[in-house]
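The values are calculated or read from the model by the stated rules, or taken from the named source; none is laboratory data. A quick note: this is a predicted structure, and the numbers were derived from the prediction, not measured. Here the Cβ is made from the backbone with ideal geometry for all residues, glycine too, and neighbour counts use every protein chain on show. Heavy atoms of the whole protein, side chains included, go into the accessibility calculation; ligands, DNA and RNA do not. Shrake-Rupley method; radii C 1.70, N 1.55, O 1.52, S 1.80 Å.
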Amino acid sequence: MHHMSLIEENIIMAPFTTLGVGGPARYFARASSVEDIKDIVKFAKRKKTPLIPIGGGSNILVSDEGVQGMVVKMEIPGISFNNEEKDSILMKVFAGEDWDKVVERSVSAGLYGLENLSGIPGTAGAAPVQNIGAYGVEISGLVFEVEVYDAKEEKFTVFKNEECSFGYRESIFKNSPGRFLITSVIMKLSKRPYFVSDYKDISERMSSGNYSQDGAGMREMVLDIRSKKFPDEEGTGSVGSFFKNPVLSSDDLQKVKMKFPDIPFYPHGSGYFKVPLAWILDKLLKVRGLRHGNVGLFDSQPLVLVAYNGATQKEIFAFAEEIKKGVKDATGIEVDYEVKLLS
Ligand SMILES: Cc1cc2nc3c(=O)[nH]c(=O)nc-3n(C[C@H](O)[C@H](O)[C@H](O)COP(=O)(O)OP(=O)(O)OC[C@H]3O[C@@H](n4cnc5c(N)ncnc54)[C@H](O)[C@@H]3O)c2cc1C
């Protein structure tokens with residue numbers, strides 16, 4: 001028997017975000033089944049109000065004035081394994097599962113692929129939205145299919161990997177806000193051991209002999225590295241990296257290098273180069289650890305913007321724009337936000 005999920009009004013969003021900031025959602029509901037989603041979408045259409053799916057709120061900045069729309073907290077649970085083959089298996093996870101629990105589960109099942117993505121906050125359903133990535137792995141390399149409810153067409157549909165338009169912190173889901181509610185993600189994981197260890201932090205640990213040479217060891221390394229990179233005290237909110245690392249064409253990179261010959265860069269697809277923004281903030285702008293009022297940049301990782309107790313969205317946004325302008329003035333580089341702004 002299915003019961004209509006409760007639709008609430010004027011629910012303060014701050015507690016539903018890791019920045020701890022944001023005013024009320026006009027409408028708010030929790031979806032714990034695919035049936036709930038259909039009801040919620042019908043309601044939003046009747047009210048002619050946009051749909052805003054959220055998971056753990058670890059990549060959103062909600063306006064102080066709140067959001068004029070129907071916030072749907074995606075809580076659908078479930079994990080299953082299918083299509084086992086000699087070397088691989090499909091792991092299906094529903095949107096509401098905690099991402100790190102999914103990684104832990106895959107590692108303890110002896111499967112390889114997700115371990116470098118250990119410790120990323122949020123839900124499984126949000127993982128394909130910005131194509132989460134860390135330590136040389138992006139979820140796009142493991143996604144087999146993404147199942148969604150298409151709110152526009154009012155039907156369930158499936159995106160194959162190549163239909164998701166995955167890019168660096170990009171996907172079709174991020175670029176069609178409110179249309180596709182991800183209900184589950186199906187990943188193809190390897191039963192054979194393999195490791196992605198190009199990152200210096202990881203290769204150093206691998207050769208230290210202090211970790212087991214398996215998925216569990218890799219997961220432990222990643223969690224150890226991450227434990228120092230993000231604020232974890234009470235009263236310090238963040239969304240991880242607030243800014244994206246700039247991706248430049250080789251012409252643009254050459255221009256920047258004329259001025260700053262030391263600037264580090266890494267190949268990023270053919271003809272493009274990723275520049276670590278942390279280096280620019282640290283070495284050129286010297287803003288590592290900068291704090292204005294209730295907002296600052298985290299000392300151990302300047303890409304991480306920290307919201308201290310009492311911060312407002314306006315304060316955060318003004319600070320972020322100031323950083324953006326600083327980078328533009330110094331280098332000519334246009335920085336994009338990784339966080340999703342909701343109003
Ligand atoms: C300390 C910290 C460290 C982080 N480190 C990393 C990192 O290493 N790599 C990385 O990539 N990210 C990182 N992040 C960012 C964040 O964890 C990821 O973006 C995560 O996937 C967000 O999940 P969420 O459930 O909290 O999504 P939310 O913040 O709730 O939503 C994010 C976006 O996804 C959409 N969305 C959410 N759920 C669904 C759904 N079911 N269907 C459709 N759309 C949906 C929302 O509308 C929104 O646009 C970090 C964040 C923090 C706080």
By the C-alpha gyration tensor axes a ≥ b ≥ c (rounded if a/c is under 1.5, else prolate when a/b exceeds b/c, else oblate), the shape of the chain is oblate
Coarse-grained scattering of the range 186-343 at q = 0.10, 0.16 Å⁻¹, given as base-10 log I(q)/I(0) from a Debye sum over alpha-carbon atoms:
-0.47, -1.04
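Counting Lys +1, Arg +1, Asp -1, Glu -1, what net charge surrounds GLU85 among other residues with beta carbon under 13 Å of its beta carbon?
Working: positive: LYS86, LYS188, LYS191, ARG192; negative: GLU84, ASP87.
Here the count lands on +2.
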Share of Cα-Cα pairs in the range 272-343 lying beyond 17 Å, as whole percent
42
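Report the percentage of all Cα-Cα pairs in the range 67-159 whose separation exceeds 23 Å, rounded to a whole percent. Working shown, then result.
Values: 1112 of 4278 pairs.
Here the tail beyond 23 Å accounts for 26 percent of pairs.
Give me the percent of the accessible area of the range 79-226 that comes from carbon and sulfur atoms, probe 1.4 Å, all protein chains in place. Please list the in-between numbers first.
Values: 3030 of 6460 Å².
About 47 percent, which is the carbon plus sulfur part of the accessible surface.
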So, for the range 127-203, what is the accessible surface per residue at a probe of 1.4 Å, expressed in square angstrom?
45
What percent do you get for the relative contact order of the chain when only Cα pairs under 8 Å and 6+ apart count?
16
Taking the range 200-234, which trypsin sites (Lys or Arg not before Pro) meet the DSSP loop condition and have no more than 12 other C-beta atoms within 10 Å?
LYS228
Here the range 67-79 yields Karplus 3J(HN,Hα) values (6.51, -1.76, 1.60; θ = phi - 60°; whole Hz; Gly and Pro given as x) of 10, 8, x, 10, 7, 10, 7, 7, 10, 5, x, x, 9
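Once you keep just the Cα pairs under 8 angstrom separated by 6 or more residues, what percentage relative contact order results for the range 236-342?
Details: 160 pairs, mean separation 35.0, N = 107.
Reported as a whole number, the value is 33 percent.
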Taking the alpha-carbon centre of each part, the distance from the range 96-146 to the range 174-237 in Å is 8
Once phi is turned into ³J(HN,Hα) by the Karplus curve 6.51 cos²θ - 1.76 cosθ + 1.60 with θ = phi - 60°, what whole-Hz value does each residue of the range 174-182 show in order, with x for glycine and proline?
5, 9, 10, x, x, 8, 9, 9, 6
Mean Cβ neighbour count within 10 Å, used as a protection proxy, ranking 257-265, 19-27 highest first
19-27, 257-265
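Using the Cα gyration tensor of the range 79-226, with a ≥ b ≥ c the square roots of its eigenvalues, what is the shape: rounded (a/c below 1.5), prolate (a/b larger than b/c) or oblate (neither)?
prolate
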With all protein chains modelled, accessible area of PHE242 [1.4 Å, Å²]:
0
Once Rh is set to the Kirkwood radius over Cα pairs, what Stokes-Einstein translational diffusion coefficient, in µm²/s, holds for the range 1-45 at a temperature of 4 °C and a viscosity of 1.567 mPa s?
112
Taking only the alpha-carbon atoms of the range 8-74, what semi-axes of the equivalent ellipsoid follow from 5 times the gyration tensor eigenvalues under a square root, in whole Å, largest first?
20, 14, 8
Carbon and sulfur %, accessible surface of the range 8-74 computed with the full protein complex present, 1.4 Å
52
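Counting other Cβ atoms within 10 Å, which GluC sites (Glu not before Pro) in the range 117-209 have at most 11 and lie in a DSSP loop? Kindly include the intermediate steps, with their values, before the conclusion.
Numbers: sites: GLU138, GLU145, GLU147, GLU153, GLU154, GLU162, GLU163, GLU170, GLU204; in loops: GLU153, GLU154.
Answer in residue order: GLU153, GLU154.
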